[in-house]
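Everything on this sheet refers to the single structure shown next.
Here, each number is a calculation from the coordinates, and none is a lab measurement. Values in this document were obtained by computation on a predicted structure and should not be read as measured data. Glycine also receives a Cβ, built like all others from the backbone with ideal geometry; neighbour counts cover every protein chain displayed.
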Amino acid sequence: MTPLNYLDIHTHLRTHRPDAVVVASMSVEEILTLSSSQKFQCAGIHPWWVEDYKTDEILKLKVQIEKLLSLNKLWAIGETGIDRSSKDTLSEQVSLFHWHLELSEKYGLPLIIHSVRSGSDFLQILNEKKPKSPWIFHDFRGNEKLVKDLLRLHPECYFSFGISLDNSPLSRELLPLVPLEHVFFETDDQKHLDIHDIYLRASHFLNLDVDYLKSQTWMNFRKIANFL
Ligand SMILES: [Zn+2]
């Protein structure tokens, strides 16, 4: 039997090990040129871009993302989100998040979410909007209560772990408390992070085989694909 590939649910990198399948987050350049070289890709306006780009540039990105959607080029929308460490742009981040949310519901695509100290914002939005499309929190750094509250409001929430398994004792403690049917792993923008090592760390903290984790994350991925 050929071994299963590693599923990397969120990456900005463009070089991957041959046995990894990735969901590639498109860069500004890729969005502007509508380049779509990856099998699974997502596009969105990162909350940090609000600071880096002017209003007309953000507008252009929105137009391009809608084009990618109409061309059926995206597996997911994002990353988008709310980052409370960038306070000055908060209201713009929130309104952009709602724009992404509406698109994910309209096209029935998952949302890839960047959340920094914004768990309660997302709970409030779930309460109000009651979305149906899957929500994938990338580099999730919440706590067990937040996981439970999010899943209660939206059973199609998923939680992805990456570099935090290296550098955050809280994330290492949290991972075994998240239902495995809602877990993914990722490299994000970490050039020196190998997805294999993340699975290895997770397998250590969960006391489960790497192969078991691979097959579980593929099951989760297929469940999302079937949902779509
Ligand atoms: Zn990212």
Please tell me the relative contact order of region 93-228 in percent, rounded to the nearest whole number, where contacts are Cα pairs under 8 Å and at least six residues apart. 19 percent
Ellipsoid equivalent to the chain - semi-axes via the Cα gyration tensor, in Å: 26, 21, 17
Taking amide H positions as placed in the peptide plane 1.01 Å from N, state which residues far from V183 in sequence (5 or more) or on other chains have amide H under 5 Å from it. F159
Short version: ³J(HN,Hα) in whole Hz for each residue of region 165-171, in order, from phi by Karplus 6.51 cos²θ - 1.76 cosθ + 1.60 (θ = phi - 60°), x for Gly and Pro, what are they? 5, 8, 10, 10, x, 5, 5
Output the peptides 20-30, 98-108, 39-49 sorted from most to least packed, where packing is the average of other Cβ atoms within 10 Å over each peptide's residues. 39-49, 20-30, 98-108
Long-range share for region 12-93, i.e. C-alpha pairs more than 17 Å apart as a percent of all pairs, stands at 48 percent
Gaussian network model of the chain, Cα springs within a sub-10 Å range: biggest mean-square fluctuation belongs to which of L175, L96, L126? L126
Going down the table (K39/K214; K60/K106; K87/K148; K106/K223), which pairs top 23 Å between alpha carbons? K87/K148
Between E92 and K148, how high is the FRET efficiency from 1/(1 + (r/R0)^6) when r is the Cβ-Cβ distance and R₀ = 41 Å? Nearest 0.05. 0.85
Can you give me the long-range amide H partners of A20? Hydrogens built in the peptide plane at 1.01 Å from N, cutoff under 5 Å, separation of 5 or more residues or another chain. Y6
Take the Cα atoms of region 52-95, build their convex hull, and give its volume per residue in Å³. 82 Å³
Using Cα-Cα distances under 8 Å and only pairs 6 or more residues apart, what relative contact order does the chain have, in percent? 19 percent
If each DSSP helix of 4+ residues adds -39,500 (n - 2.57) and the sum is divided by the residues in the chain, what number results at 222 nm, nearest 500 deg cm²/dmol? -13500 deg cm²/dmol
Under a GNM of the chain (C-alpha, springs under 10 Å), which listed residue has the highest mean-square fluctuation: L151, L61, L208? L208
